[in-house]
Structure formats: C-alpha cells, structure tokens
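Let me begin by presenting the structure, written as structure tokens, before commenting on it.
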Amino acid sequence: MPVTEVAGLREIDTPPLRGFRKVRSHLGAAFFNMGVNGFPFHAVRQGYLRACGMKIGSQVAIMRGAIVIRPEQISVGSHCIFGFNVFLGGEGGIQIGSNVNISSFCAILGGRHDFDDPTFRPILNPVIIEDYAWLATRVTIAGGVRIGRGAVVAAGAVVTRDVPPYHVVGGVPAKKIRERNPEACVYEFNYQPWFF
Ligand SMILES: CC(C)(COP(=O)(O)OP(=O)(O)OC[C@H]1O[C@@H](n2cnc3c(N)ncnc32)[C@H](O)[C@@H]1OP(=O)(O)O)[C@@H](O)C(=O)NCCC(=O)NCCS
C-alpha cells in the first residue's frame, strides 16, 4: 500500500476490493459485528476473524464486543490483549505488535474525512502500535499515528500525534506525562480467560 503525507498525516491508497475478497471483508465483518463478537470462546471469535483475513498471532485475547472494520487490513502480533468493546477501524490499515494491551472501550480509527473538500472525501490513515504499548481504558487513536514501543496512553486520552517509545501520555489531545522504565518491557501476556 503506498503511503503519502497529507496535511501532516500519513495517507494510504488502497485498491478497491473485488469478488471474494470484497464479500469476505464486508459480509464477514458485518456478521462478526452483529453476533460472532459475542460468542463466548476466544478460539471461535479469532478463528472467524482469521477466516476474514485478519492476521492474529498466538496467545492473543480479544474480549467480547469488539467491532472490526476491514479485518483483512489488520495485523496483530502474539501475546496481545484487547479488552471488551474495542473498535478497530481498519480502513487505513492497523498494525499491532506483540505484548500490546488495548483496554476496554478503546477506539483505533483508520480513517477520517477531508472536511474542507466539497465531496467530504474519505482519507485512509494507517495506525501502528509497537510492542509493549498499553492503551488504558477509553483511549482514542486518530488515524496516521504511531504509538512507539512500550508507550503508555492514560485513560480517556485522544492521541493525534505520534507517541515516542516509552513515553506516557494523557489528556485531550494527549501530551507527555512522564517516561516509562524501558526495562519493564520484558513480560509476556498469556491471558485468555474463559467466557470473557
Ligand atoms: C496511566 C495511569 C496508570 C497513570 O499512570 P501514572 O504515571 O502512575 O500517573 P500518576 O497517577 O502518577 O499521575 C501523573 C500525572 O498524570 C496525570 N494523569 C494521570 N492519569 C491521567 C489521565 N488518564 N489523563 C490525563 N492525565 C492523567 C495526573 O493527574 C498527574 O498529573 P500531575 O503531575 O500534574 O498531578 C492512569 O492514569 C490510567 O490511565 N489509569 C487507568 C488504567 C486503566 O485503564 N485500567 C483498566 C484496564 S487494565
């Protein structure tokens, strides 16, 4: 996917989906969001998302209630945790590393609109979240943003700019609070609680 800079944001240009890939992406995501996302087993939910084209590593937990758009443009490393009711808007692509924790009610937005354009044209922005990052509850990540390795985003923040590795940010828009101990980033999540 070619990536260009538009008004300070990274914008991608994705070829339109056709045929089987279009059905798999749109219908597959629709059924996931309408019910499969509430099915009480991780293996079933993740198996379904993989069948829709989403890349998911081993030992990942995606709790119930996730809403996923364009699953084939989303990749997740291993040993990650997604809390309840996360929103993954993959229109612009989402790349998530390993040992990343995305807490409940977070929203990752892979697109926006050019509101100065008379057609309100969509802009697709990739989001990258590196290993060991933690997004606390109700964080919103705007498109085009990279969350650096080990970075922490405090609850309720809206992130509109890249967050450097090991920075702790919070607020709206998110600003630096402090830095995190890089040596803490050695743990490995293996968390798939039954019925969650
Ligand atoms: C990230 C978090 C753990 C704070 O970490 P911390 O570095 O220990 O923060 P502190 O409590 O020492 O506060 C440091 C500063 O950041 C501010 N701050 C803390 N949380 C903040 C938030 N969510 N938004 C904005 N500012 C925040 C504090 O007010 C303080 O500011 P001050 O120095 O001007 O007084 C916490 O804010 C948070 O997000 N908690 C929610 C955890 C969560 O979502 N749990 C459920 C999923 S597991």
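In sequence order, what are the phi-derived ³J(HN,Hα) couplings for the stretch 42-57 according to the Karplus relation 6.51 cos²θ - 1.76 cosθ + 1.60 with θ = phi - 60°, rounded to whole Hz, with x for glycine and proline?
4, 4, 5, 4, 6, x, 5, 5, 4, 5, 7, x, 6, 8, 10, x
What nm distance separates the two modelled labels at Tyr191 and Asp117, each placed 7 Å from Cα along Cα→Cβ?
Spacing of the two 7 Å Cα→Cβ label points: 3.9 nm.
How big is the dipole moment of the stretch 21-114 about its Cα centre under a simple scheme where the beta carbon of each Lys and Arg is +1, that of each Asp and Glu is -1, and everything else is neutral? Debye, nearest 20, please.
Roughly 240 debye, rounded to the nearest 20.
In whole Hz, with x marking every Gly and Pro, tabulate ³J(HN,Hα) for the stretch 91-103 from phi via Karplus 6.51 cos²θ - 1.76 cosθ + 1.60, θ = phi - 60°.
The phi angles translate into 3, x, x, 10, 10, 10, x, 10, 6, 9, 10, 10, 6 Hz.
Could you let me know the centre-to-centre spacing of the stretch 36-94 and the stretch 123-169, using Cα atoms, in angstrom?
18 Å
Sort Val168, Val60, Val139 so that the residue with the fewest other Cβ atoms within 10 Å of its own Cβ comes first and the one with the most comes last. Intermediate results must be reported in sequence, preceding the final value.
Details: Val168 18, Val60 23, Val139 26.
The fewest-first ordering by Cβ neighbours comes to Val168, Val60, Val139.
Taking every pair of alpha-carbon atoms in the chain, give the share separated by more than 20 Å as a whole percent.
Details: 10277 of 19110 pairs.
Value for the chain: 54 percent of Cα pairs lie more than 20 Å apart.
Extension gain Ile177-Phe41, at 0.36 nm per residue separation less the Cα-Cα distance, in nm?
On the way: separation 136, 0.36 × 136 = 48.96 nm, distance 3.72 nm.
Contour length minus the Cα-Cα distance gives 45.2 nm.
State the answer as a single residue: which of Val100, Ser75, Phe39 lies farthest towards the positive end of the charge dipole of the stretch 39-127, with beta carbon charges of +1 for Lys and Arg and -1 for Asp and Glu, about the Cα centre.
Toward the positive end, the furthest listed residue is Phe39.
With each run of n ≥ 4 DSSP H residues scored as -39500 (n - 2.57), what mean residue ellipticity at 222 nm is computed for the chain after dividing by its residue count and rounding to the nearest 500 deg cm²/dmol?
Numbers: 2 runs with 26 residues, N = 196.
Helix contribution divided over all residues of the chain: -4000 deg cm²/dmol.
Nearest 0.05, what FRET efficiency do Arg18 and Lys55 give at R0 = 35 Å with Cβ-Cβ as r? Write out the running numbers ahead of the final one.
Values: r = 21 Å, r/R0 = 0.59.
So, using R0 = 35 Å, E works out to roughly 0.95.
Of Gly28, Ala136, Val169, which is farthest towards the positive pole of the stretch 17-177's charge dipole, taken about the Cα centre with +1 and -1 on the beta-carbons of Lys, Arg and Asp, Glu respectively?
So the residue furthest toward the plus end is Gly28.
For Val76, enumerate residues with amide H under 5 Å from its amide H, sequence gap 5+ or separate chain, H modeled in the peptide plane.
Placed amide hydrogens put Lys55, Ile56, Gly57, Ile96 under 5 Å from Val76.
Every read-out reported here was derived from the displayed coordinates using simple, explicitly stated rules and does not represent laboratory data. Keep in mind the model is a prediction, meaning the values are calculated, not measured. So basically every Cβ, Gly included, is an ideal-geometry build from the backbone, and we count neighbours across all protein chains shown.
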